[in-house]
1. State whether one or more residues within the stretch 210-218 are of a type in the set (Val, Ile, Thr) and in contact with a Gly (Cβ under 7 Å, 6 or more places away or on another chain).
2. Can you name the residue in the stretch 20-31 that is more than 15 Å from GLY45 (Cα to Cα) and crowded, with 18+ Cβ neighbours inside 10 Å and is also modelled with the lowest pLDDT among such residues?
3. Restricting to the stretch 97-121, give me the number of residues that are modelled with pLDDT of 80 or more, among the hydroxyl-bearing types (Ser, Thr, Tyr) and under 16 Å from the mean Cα position of the chain (by Cα).
4. Regarding GLU223, is this residue of a type in the set (Asp, Glu) and crowded, with 20+ Cβ neighbours inside 10 Å?
5. Against the condition among the β-branched types (Val, Ile, Thr) and exposed (fewer than 13 other Cβ atoms within 10 Å of the Cβ), how does THR310 come out, does it pass?
6. Any residue at all in the stretch 232-252 that's at pLDDT 90 or above, over 14 Å from PRO302 (Cα atoms), more than 29 Å from the chain's Cα centre (by Cα) and not aromatic (Phe, Trp, Tyr)?
7. Can you tell me which of ALA201, ALA219, ALA194 is under 25 Å from VAL338 (Cβ atoms) and either among the polar types (S, T, N, Q) or modelled with pLDDT of 90 or more (or both)?
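The values are calculated or read from the model by the stated rules, or taken from the named source; none is laboratory data. Note that the coordinates shown come from a computational prediction; the quantities given were computed from them, not determined experimentally. FYI the Cβ positions are ideal-geometry reconstructions off the backbone, even for glycines, and counts take in every protein chain you see.
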Amino acid sequence: MAKVRDARLETRTARRRLKPRRKPYWVRVAPIIWLGYRALQRPPGTWNVGGNAKRWIRKIAYADDLERANGKTILDFWQGQEAAKKVARGEDGTAGDRPHTVGEALDSYARDLRAKGGDTYNASRARQHLKGNAMLTTPVALLKEAELKGWRDALIAKELAPATVNRTMVPLHAALEAAADGDQRIIRRPWRTALRRVSDANNVRRIVKEPDDIRKLVAACYEADHQLGNLCEVLATCGMRLSQASRLTVADLQADSNPRLLVPKSAKGNLRKRSERIPVPIPPALAALLQQEAAGRSPNEPLLRQAAGTPWQHRSDADHRQLFRAAVESAGFDPGEVTSYCFRHSSIVRQLLANVPIRIVAATHDTSVGQIERCYSRFVTDHSDGLTRAALLDLSASASDSKVVPLTREP
């Protein structure tokens, strides 16, 4: 790699002529990486590395002003260049006070998810698609919009579904935002434009099933595995996420005269949500079935279990996947299209078409009105059609057909 020349800094003789000052004398040794020499009143001076237009600075070592360079604590100008590039790119093996690399930002994001009880797979998803990519060792402060866009375009080129591309970009975006929020030296945030969501990612319409199809699919799940049937009946009835169903405990079942489940919130990005519960009504028959399944178990044990007694997983490689695919095929549907998430989509649409207010639909499904309007716009329109039609003024009706009685003025 070519070395950068600078007559002011190359030799100790030249450096002695520099005026002592607090601000380093800078030379750019790589794109967005600077090597600085701080001339002190009493030598030796120090080598420093600066990145992101020198908004962050870190001391590397002493200059060889008085002693011969040893390649570690005392460096000459040429060694200082290499050391500066290694430190800025996160290749020196120490964290120090430099900005985190992308890989370190993902690690920090995973630790934060773990502390909040979230799913660390959200962080590992992005890392899996960054294997072999130089961005992993690039400091967050040195990221460029072009390389982020190139990574996103590579995901699209793999012919991943738009929704999958978005789910892969979101955790990286969140990790980079967290790294920047924790370091005031990181000013530029190119990921905000480079990692914008891919359009046409909502595939809701093709996996919304009619009630008869849902019954058929749940019956096939029971035939494949009784415990899978329990899980899918709960998903189909309540429309919760698999991650929420897996966290249901025996204590969350209220099998009284008005049976319901206390569904744990998704805990997305919020530690307080971890302990919150949403009361969701269920039919008496399902309540009786779950009460029978939970008989003899302590309140803190999982309500829904596998045949081996362990809780269901909810990652993309979850242990229900193969069983569910077999049930989908048995029911006559396409396993490449129909996933267990169809229960959630179908539940939301079913309630919309039953004229349940969107605000209540959003609350019972642990989502927002805006998200429902974005993902289910067609069905929201169908829902509002009947309400709007009832208030239409039909001008073709004759006055004699009108039920409106005119008021007469008192004499």
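1. Checking the stretch 210-218: at least one residue is of a type in the set (Val, Ile, Thr) and in contact with a Gly (Cβ under 7 Å, 6 or more places away or on another chain).
2. Step one: filter the stretch 20-31 for residues more than 15 Å from GLY45 (Cα to Cα), giving 27-31.
When the remaining residues are screened for being crowded, with 18+ Cβ neighbours inside 10 Å, the result is 27, 29.
On the way: VAL27: 92, VAL29: 88.
Checking each candidate, the answer is VAL29.
3. 2
4. Spelling it out, it is not the case that GLU223 is of a type in the set (Asp, Glu) and crowded, with 20+ Cβ neighbours inside 10 Å.
5. yes
6. The answer is no, given that none of the residues of the stretch 232-252 is at pLDDT 90 or above, over 14 Å from PRO302 (Cα atoms), more than 29 Å from the chain's Cα centre (by Cα) and not aromatic (Phe, Trp, Tyr).
7. On the way: ALA201 fails: either among the polar types (S, T, N, Q) or modelled with pLDDT of 90 or more (or both); ALA194 fails: under 25 Å from VAL338 (Cβ atoms).
From the options ALA201, ALA219, ALA194, the qualifying one is ALA219.
Yes/no matrix, rows are residues, columns are (1) out of contact with any Asp or Glu (no Cβ under 9 Å at 6 or more places or on another chain); (2) closer than 21 Å to ARG241 by Cβ; (3) outside the structural domain of GLU337 (by TED's automatic domain parsing):
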residue	(1), (2), (3)
THR120	yes, yes, yes
GLY132	yes, no, yes
THR137	no, no, yes
LYS144	yes, no, yes
TRP151	yes, no, yes
ILE156	yes, no, yes
ALA161	yes, yes, yes
VAL165	yes, yes, yes
THR168	yes, yes, yes
